[in-house]
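Notes follow once the structure below has been shown.
Every number in this text was worked out from the coordinates using simple rules, so none of it is lab data. Values in this document were obtained by computation on a predicted structure and should not be read as measured data. Methodologically, a virtual Cβ is constructed for each residue, glycine included, from the backbone with ideal geometry; neighbour enumeration extends over all protein chains shown.
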Amino acid sequence: MYFINFLIKYSGRNMQRKSPIHKIPELRKRILELEEYANKHSWPAALKDLAAKTGTKINTIIPNEKTRAVLEKAPTLIVANHPFEIEVLTLIASLPNRKDIQLIANVNLLNLVPSAKSNFIPVYVSHKKSNGYRSTWLRRKLDKLNTMETETEDVSRTKNRQSIALAAKRLSKGALVIIFPDRHSKDGHWYPGVGHVINQTTPNQDINIVFSFISGTGPKDIWRLIPGVRRFFPTIKVYFSEAMGINEYKTLSPRETTTKLERLYRDWVNSIGEEYKIIG
């Protein structure tokens, strides 16, 4: 905790900069190493390397070779849970080494890893902090380390609609797109963005949907970075479902699609012996 508080105090002197966290030498070094590895290989390869270096154990469960082949090269929408902070990293580390991964995530992640722009589709959520946003200790620390990009709710909605259209376009062109529909949920159910992405894809195209469930993460995952402490943390499991076609959902409204997929997702999580909880 002392180390994290020190980083916040240090970076606070540079809050006029776009990415004050990059002024911290050790963190800047790690981020640059990660970016260099990703540019040379892929983001999945870079994050696999990071997991190995930090001793983070990730168990990837893919049901069959057909799904593995879909994840390797087919246009695919991955729908995953995101209760804490490191699910993004562990999910990408579990994927095949493809270059066309598109992550739908908080715009402020770009402040940390700006070279990931071509793999990034931003969403704007800062307005939710004054409207039922649940802040954990780690989120508050990361917010102080990272410059936050704040928009009004109206501007955020407009930009988010543009991002949904971009995600659908890239998915239709063959990319693998990742979305976390339960992130920051206030009512315990998914946001309809996943339904809007599906609704806006090119009609009658062979696009897949794959569910992913990440278990074993928690609010104190920052301590996985500390030698001697990380061994007390559980192995992170990343499950993937069998691939499904997208076309049967094209006739539904975005909200109908979201509701149906959420129900299927919950049933699937139960079938693999895990418990699904939405943590807003």
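Which of 226, 101, 198, 279 comes first, and how do the rest follow, when ranked by fewest Cβ neighbours within 10 Å?
On the way: 226 11, 101 22, 198 25, 279 15.
Placing the least packed residue first, the sequence is 226, 279, 101, 198.
Which entries in 57/220; 117/250; 117/260; 48/237; 186/277; 66/237 show an alpha-carbon gap greater than 23 Å?
Values: 57/220 15 Å; 117/250 29 Å; 117/260 32 Å; 48/237 14 Å; 186/277 13 Å; 66/237 20 Å.
Result: 117/250; 117/260 exceed 23 Å.
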Percentage relative contact order, segment 158-239, counting C-alpha pairs under 8 Å, at least six apart: 26
At R0 = 30 Å, FRET efficiency that the Cβ-Cβ distance of residue 36 and residue 84 yields, to 0.05: 0.65
Estimated distance in nm for a label pair at residue 253 and residue 66, the labels positioned 7 Å out from Cα along Cα-to-Cβ: 3.3
Cα-projected label distance for residue 117 with residue 151, points at 7 Å along beta-carbon direction, nm: 1.6
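Working out 0.36 nm times the residue gap between residue 158 and residue 54, then minus their Cα-Cα distance, what length gain in nm do you get to one decimal? Before the final figure, lay out each step's value.
Details: separation 104, 0.36 × 104 = 37.44 nm, distance 3.89 nm.
So the extension gain works out to 33.6 nm.
Using the Kirkwood formula over every pair of different C-alpha atoms, what hydrodynamic radius in Å results for segment 151-210?
Values: mean 1/r = 0.0797 Å⁻¹.
Averaging 1/r across every pair of different Cα atoms and inverting gives 12.5 Å.
Could you tell me which GluC sites (Glu not before Pro) in segment 229-259 are loop residues by DSSP with no more than 15 other beta carbons within 10 angstrom of their beta carbon?
Numbers: sites: 242, 248, 256; in loops: 242.
Loop-located and lightly packed - 242.
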Label point distance in nm, residue 204-residue 29, each placed 7 Å from Cα along Cα→Cβ: 5.8
